[in-house]
Amino acid sequence: MNKDINNLDPLILRVIKGGKTERPPFWYMRQAGRSLPEYRALREKHSMLELIRTPELATEVTLQPLRRFNPDGAIIFADILNPLIGMGMELEFIEGKGPVFNNPLKSTADIKKLLVPDAEENVGYTLKALSEVRRSLPTKEHCLLGFAGAPFTLSYYMIESRGSKEGILIKGLLSSDLEGWNLLQEKLVALVVNYLLAQVKAGAQVVQIFDTWLGLLTPSLFAQFVKPWLQKLVEDFKKSCSAPIVYYSQSSLGFAHEFLDIGFSALSVDWRQSLTLAAKITDNKFPLQGNLDPTLLCGEWQLLKQEASKVLSEGKDLPSGHIMNLGHGILPQSRLENIEKLSEYIRSYRYIGSAT
Ligand code: CP3
């Protein structure tokens, strides 16, 4: 067991450091957002970017799910894409469609023009919200999570915008312009490291990196074009910060062994793989976060409970610890009473003597 574990640490942090807890801590990806009526009410008055850019509103939205479900973690309300605005990307969130860039990257010249702004100037509003949320956490056992997109997933949006779901354009860049690809990764790594360090300074206790589109890659493309940049990102971050990094990716089981020497503190896994298998492939090295299928929140409680119980019992047997979560974000169609019941169910679960 790690000697810096402190029993006053938030539960999520204790698990990541290798400590014991009486139940798994939990939070939900996209726990703030359209599944909540109080969020939808705010969205009627403000655009997505207004919510993100107004620290009081971002603070309020971050705290909304805590009041309703009392998860052990608060994830700051922002998006992986808004920090790219300061690089020169024209981002819009279109109703019913999601994010779009009006100037997707098309050439090396476009990549050369991208700026690497300082976090304070670029996203000072999120940093302010982080400090405010940290002060407002209900107890010291609750954890504040910061986050950023991973360079590959950010590149996907910058290049494809609303383009192909297969990644034809992004893989086209890998095959035709290595110099352009490397320049883009270098700039994104600098942006993300600077942003994550500023988030920790502002109050984030753990940071999560989202690599949602990683499963587009083959194992060898990952090793060749993506892994070295993740290594650089983690190495640069760790030069000045000891906060843990949780890495989320999807459909990446085929190359999850490659995550072993990147320096992540925990892995967040999607629902397509069992926790047991993910642990085996990664030599039981990481605490694992996940991995309930989020669509089950839209259906009947019985099946949701069955699958939640399965995830909890697999989690209980993980040698390096478990943080309960979903395998991807909460969908807007989720039934509120399901999220409420699930939260109670997880809160009352005990590692010792727990009936399923
Ligand atoms: O988890 C949280 O509650 C914190 C906030 C958060 C948002 N986006 C808010 C959001 C986080 C952590 C994200 C991460 C994010 N954003 C990812 C990685 C995780 C994942 O879900 O795969 C990605 C790929 C994005 C990009 C993005 N933002 C997409 C593809 C979309 C459209 C899909 C959708 O759900 O609408 C968004 C919009 C978005 N980001 C919303 C929210 C609350 C909906 C905005 C609205 O209110 O209309």
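The values are calculated or read from the model by the stated rules, or taken from the named source; none is laboratory data. Since we're looking at a predicted model, the values are computed, not measured. A quick note on method: Cβ atoms are made from the backbone with ideal geometry, for glycine too, and the neighbour counts reach across all protein chains shown. The accessibility values were calculated without ligands, DNA or RNA, using every heavy atom of the protein model including side chains. Shrake-Rupley method; radii C 1.70, N 1.55, O 1.52, S 1.80 Å.
Looking only at residues of region 131-186 that are open to solvent by 50 Å² or more (accessible area, probe 1.4 Å) and part of a loop (DSSP other than H, G, I, E, B), we find that the one that is nearest to the ligand (Cβ to nearest atom) is 162.
The rows are residues; the columns are (1) within 23 Å of residue 147 (Cα to Cα); (2) among the hydroxyl-bearing types (Ser, Thr, Tyr); (3) assigned to a loop (DSSP other than H, G, I, E, B); (4) in contact with a helix residue (DSSP H, G or I) (Cβ under 9 Å, 6 or more places away or on another chain).
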| position | (1), (2), (3), (4) |
| --- | --- |
| 14 | yes, no, no, no |
| 21 | no, yes, yes, yes |
| 29 | yes, no, yes, yes |
| 34 | yes, no, yes, yes |
| 49 | yes, no, no, yes |
| 61 | yes, no, no, yes |
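Can we say residue 79 is open to solvent by 20 Å² or more (accessible area, probe 1.4 Å) and within 18 Å of the chain's Cα centre (by Cα)? When the stated conditions are applied, residue 79 passes them. For region 231-270, a residue qualifies if it is over 21 Å from residue 284 (Cβ atoms) and of a type outside the set (Ser, Thr, Tyr), and the qualifying residues are 231, 232, 233, 235, 236, 237, 238, 239, 241, 243, 250. Restricting attention to region 189-217, the residues that are open to solvent by 10 Å² or more (accessible area, probe 1.4 Å), of a type in the set (A, V, I, L, M, F, W, C) and within 13 Å of the ligand (Cβ to nearest atom) total 3. Of note, residue 193 satisfies the criterion of being within 30 Å of residue 7 (Cα to Cα) and in a helix (DSSP H, G or I).
Looking only at region 94-105, count every residue that is within 13 Å of the ligand (Cβ to nearest atom) and over 19 Å from the mean Cα position of the chain (by Cα) and tell me the total.
Of the residues in region 94-105, the ones within 13 Å of the ligand (Cβ to nearest atom) are 94-101.
Cutting the leftovers down to over 19 Å from the mean Cα position of the chain (by Cα) gives us 94-97, 100-101.
Residues that pass the stated criteria total 6.
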